[in-house]
Amino acid sequence: MPRKQLVIVGGGIYGVGAVSAFLRNFNSSSISITLIEKRDDFIYLPINCRNLVEDMSSLIMPYDDLFKSYPAIGKVKKGLVIGFDRNAKIVNLESGESLKYDILVRIIS
Ligand SMILES: Cc1cc2nc3c(=O)[nH]c(=O)nc-3n(C[C@H](O)[C@H](O)[C@H](O)COP(=O)(O)OP(=O)(O)OC[C@H]3O[C@@H](n4cnc5c(N)ncnc54)[C@H](O)[C@@H]3O)c2cc1C
């Protein structure tokens, strides 16, 4: 059976959390994950945490590291999403590229 294409738009705390939840709860042979994010790095924002650490770099993670342990399951696509075609199940990027999905999670606050 072909793997379902899951596309998550937005790599904030909830987008990265969604990736983590899918990795924990789904069989790697059933799903393929693409996280689309316009930035290079994930930044953990809560102020409380920033007050607790001396080295701010510990709150920054390059998105390239997200699927390091799961290269066969997921990838991060850097780009700006400019639109969705819900009938065709397609996400459109500013670059002109389009990504097909079976399941879309949109978390761009
Ligand atoms: C400076 C700061 C301090 C904060 N401190 C606290 C705190 O102490 N406690 C607390 O509870 N909350 C705090 N917050 C709020 C908290 O960070 C947000 O509630 C939380 O980040 C929301 O997460 P999110 O994943 O929904 O959205 P976001 O963190 O906004 O993530 C959305 C992601 O989507 C990406 N994106 C957006 N549009 C597009 C697009 N068109 N194409 C591709 N990518 C896109 C963005 O680059 C971003 O990485 C703070 C926020 C900020 C800015």
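Here, each number is a calculation from the coordinates, and none is a lab measurement. On a predicted model such as this, the values are computed, not experimentally measured, just so you know. When we count neighbours, we look across all protein chains shown, and the Cβ atoms used for this are built from the backbone with ideal geometry, even at glycine.
What fraction of the DSSP beta bridges in the chain is antiparallel, stated in percent and rounded to the nearest 5? Within the chain, antiparallel bridges account for around 40 percent of the total. One decimal place: the segment R86-I60 gains 6.1 nm when fully extended, by the rule 0.36 nm per residue minus the C-alpha distance. Scanning residues 5 or more positions from G74 or on other chains, those with amide H under 5 Å from its amide H are I33, with H placed 1.01 Å from N in the peptide plane.
Please quote Rg/Rh for the range 14-109 to two decimal places, taking the Kirkwood radius as Rh and restricting both calculations to Cα atoms.
1.00
Karplus-derived 3J(HN,Hα) values for the range 97-103, using 6.51 cos²θ - 1.76 cosθ + 1.60 with θ = phi - 60°, are 6, 10, 10, 8, 9, 9, 10 Hz; glycine and proline are entered as x. With the helix formula -39500 (n - 2.57) applied to DSSP H stretches of n ≥ 4, the chain reaches a computed 222 nm mean residue ellipticity of -5000 deg cm²/dmol. Annotation: amide H of G11 within the under-5 Å range of K38, sequence separation 5 or more or interchain, hydrogens built in the peptide plane.
Relative to the dominant Cα principal axis of the chain, helix 13-25 is inclined by about 60°. For a modelled paramagnetic label at I108, 7 Å from Cα along Cα-to-Cβ, the residues of the range 1-26 in reach, with backbone nitrogen under 11 Å, are 9-11.
The string of couplings for the range 38-53 from the Karplus curve (6.51, -1.76, 1.60, θ = phi - 60°) is 7, 8, 7, 10, 7, 10, 7, 8, x, 5, 3, 5, 5, 6, 8, 10 Hz, one whole number per residue in order, with x for Gly and Pro.
Electrostatic bookkeeping for I33 treats Lys and Arg as +1 and Asp and Glu as -1; over the other residues with beta carbon under 13 Å from its beta carbon, the sum is +3. Under 5 Å from the amide H of K4 lie the amide H atoms of I31, S32, each residue being 5 or more positions distant or on a separate chain, with H modelled from the backbone and absent for Pro and chain starts.
Quick one: which of K75/K100; K77/K100; K68/K100 span more than 19 angstrom between C-alpha atoms?
K68/K100
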